[in-house]
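Asker: This is the structure I have questions about; it appears just below.
The values are calculated or read from the model by the stated rules, or taken from the named source; none is laboratory data. Computed from a predicted structure; not experimentally measured. A quick note on method: Cβ atoms are made from the backbone with ideal geometry, for glycine too, and the neighbour counts reach across all protein chains shown. Please note that ligands, DNA and RNA were not included when accessible areas were found on the heavy atoms of the full protein model with its side chains. Shrake-Rupley method; radii C 1.70, N 1.55, O 1.52, S 1.80 Å.
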Amino acid sequence: MISDIIAKAENGSEVSVDEVFELMSITDASEMEELFSAARRVRDRNFGKKIFTYGFVYFSTYCKNNCSFCYYRCSNNNIGRYRKSVEEIVQLAGSLKDAGINLADLTMGEDPKMYADGYKGLLDIISSVRDEVGISIMASPGALPREMFPKVREAGADWYACYQETYNRPLFESLRLDQSFDDRRNQKVWAREAGLLAEDGMMIGLGEDVRDRAETIVTMGSLGCEQIRAMTFVPQEGTPMQDHTPYDSTEELKAIAVMRILYPDRLIPCSLDVEGIAGLKTRIAAGANVITSIVPPNQNLAGVAQHELDIENGNRSVDHVFEMLDEMGYRHAESSEYVSFLNSRRAGVGGA
Ligand code: SF4
């Protein structure tokens with residue numbers, strides 16, 4: 001029974017992969033609502049009515065990799081790419097901080113220029129944002145060698161994010177071409193060893209089945225990542241998967257709710273990168289407690305899953321997001337509340 005599994009999770013008892021599979025298999029509308037309302041209850045019990053907010057600074061869209069689902073894969077030749085300067089990145093992060101956003105997510109493709117000279121470009125950007133802006137920082141620079149993690153932490157990053165997308169190994173290998181499954185999995189472990197908090201993520205609709213989703217949720221949880229996410233795949237023009245039939249958001253919403261009841265104290269994002277602002281309410285109603293991918297308009301910045309959606313019209317801007325939260329009876333967290341949260345979580349990772 002679905003109710004029994006939900007009750008078990010809420011009581012803190014261990015929930016098996018088979019039970020997660022059952023939850024992820026729900027199709028009945030009333031069972032779905034039962035799951036979502038349990039997720040809201042668990043989220044509100046742990047975090048109250050506050051929602052954390054992250055801004056997105058996608059500072060280099062160059063990448064040496066060729067992931068079959070990604071618009072910025074190196075073989076997608078005829079697209080505009082950009083690389084922002086340190087000054088521009090500092091200015092963008094500063095405007096996020098001034099607007100009351102809790103964290104700047106500094107994201108790039110695996111850009112060889114940023115990786116040159118011992119990752120100097122990347123480290124300079126992180127330390128400049130720390131020194132000149134003082135906002136909490138997530139680094140999302142792709143897969144790094146193990147010895148880089150203490151340096152990323154030392155430069156000032158609070159978080160390291162690296163999405164596995166799926167823990168189905170053959171599927172991973174068919175998507176992230178010529179990349180190591182184990183190396184990518186270990187990124188999260190090495191980050192936490194170095195005192196960084198870690199984020200992992202799954203993509204829904206890439207060819208995985210329901211059991212894969214259940215196993216991926218449980219694996220992400222067991223790695224101890226403090227932030228875990230699910231995002232629906234949006235087919236990208238100019239890629240081998242451009243004609244893939246897209247999913248609606250139902251599976252993503254179920255995954256958000258299941259992760260919430262299994263891992264009550266983790267951060268679980270609602271990304272504006274999939275459905276833009278239209279998807280905010282449903283994801284918050286499924287138990288998410290962080291809004292990610294807030295992008296300032298008029299700055300020529302891209303998103304990842306939807307590289308243009310709602311950016312230039314300002315709908316992903318801060319005021320608009322805050323207003324929507326208020327309408328839903330939630331509030332955006334102050335940065336001091338976010339920093340206290342980070343400090344409480346850092347006690348759980350190495351090097352704290
Ligand atoms: S998903 Fe990341 S690593 Fe893969 S091609 Fe896109 S930017 Fe590069």
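Asker: Conditions first: (1) touching a strand residue (DSSP E or B) at 6+ places or on another chain (Cβ under 6 Å); (2) away from the ligand (no atom under 16 Å from the Cβ); (3) of a type in the set (Ser, Thr, Tyr). Residue 25 passes all but one, so which condition is the exception?
Answerer: Condition not satisfied by residue 25: (1).
Asker: Looking only at region 115-127, decide whether some residue is more than 16 Å from the ligand (Cβ to nearest atom), without any contact (Cβ under 8 Å) to a residue 60 or more places away in the chain and polar (S, T, N, Q).
Answerer: yes
Asker: Keeping to region 1-27, report how many residues are among the acidic types (Asp, Glu) and under 12 Å from residue 254 (Cβ atoms).
Answerer: Residues that pass the stated criteria total 1.
Asker: OK, next. Among the listed residues 82, 72, which satisfies the condition of being within 16 Å of the ligand (Cβ to nearest atom), over 30 Å from residue 323 (Cα atoms), more than 21 Å from the chain's Cα centre (by Cα) and open to solvent by less than 60 Å² (accessible area, probe 1.4 Å)?
Answerer: Being within 16 Å of the ligand (Cβ to nearest atom), over 30 Å from residue 323 (Cα atoms), more than 21 Å from the chain's Cα centre (by Cα) and open to solvent by less than 60 Å² (accessible area, probe 1.4 Å) holds for just one of 82, 72, which is 82.
Asker: While we're looking at this one, here's another question. Looking only at region 1-28, filter to residues that are under 15 Å from residue 41 (Cα atoms) and among the small types (Gly, Ala, Ser); which one of those is least open to solvent (accessible area, probe 1.4 Å)?
Answerer: The extreme case among them is 9.
Asker: Cβ-Cβ distance below 6 Å, separation of 6 or more or different chains: which pairs start in region 22-46 with a residue that is under 20 Å from residue 209 (Cα atoms) and end on one that is assigned to a helix (DSSP H, G or I) and of a type outside the set (A, V, I, L, M)?
Answerer: Final answer for the pair search is 24/213; 24/254.
Asker: Do you know which residues across region 145-168 are within 25 Å of residue 271 (Cα to Cα) and away from the ligand (no atom under 12 Å from the Cβ)?
Answerer: The answer is 152, 153, 156, 157, 158, 159, 160, 166, 167, 168.
Rundown of residues vs (1) surrounded by 19 or more Cβ atoms within 10 Å (Cβ to Cβ); (2) on the phi > 0 side of the Ramachandran plot; (3) not acidic (Asp, Glu), yes/no style:
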site: 231; (1), (2), (3): yes, no, yes
site: 235; (1), (2), (3): no, no, yes
site: 249; (1), (2), (3): yes, no, yes
site: 259; (1), (2), (3): yes, no, yes
site: 272; (1), (2), (3): yes, no, yes
site: 275; (1), (2), (3): yes, no, no
site: 279; (1), (2), (3): yes, no, yes
site: 293; (1), (2), (3): yes, yes, yes
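Asker: Scan region 43-60 and tell me whether some residue there is assigned to a loop (DSSP other than H, G, I, E, B), in contact with a strand residue (DSSP E or B) (Cβ under 6 Å, 6 or more places away or on another chain), within 16 Å of the ligand (Cβ to nearest atom) and under 26 Å from residue 148 (Cβ atoms).
Answerer: Looking through region 43-60, none of the residues is assigned to a loop (DSSP other than H, G, I, E, B), in contact with a strand residue (DSSP E or B) (Cβ under 6 Å, 6 or more places away or on another chain), within 16 Å of the ligand (Cβ to nearest atom) and under 26 Å from residue 148 (Cβ atoms).
Asker: Only residues that are at pLDDT 95 or above, in a helix (DSSP H, G or I) and open to solvent by less than 10 Å² (accessible area, probe 1.4 Å): list them for region 94-124, please.
Answerer: 122
Asker: Inspect region 143-161 for any residue being at pLDDT 95 or above and under 26 Å from residue 20 (Cα atoms) and give the result as yes or no.
Answerer: For region 143-161, residues at pLDDT 95 or above and under 26 Å from residue 20 (Cα atoms): present.
Asker: Take the residues of region 134-144 that are open to solvent by 10 Å² or more (accessible area, probe 1.4 Å) and more than 15 Å from the ligand (Cβ to nearest atom): which is nearest to residue 241 (Cα to Cα)?
Answerer: My answer is 136.
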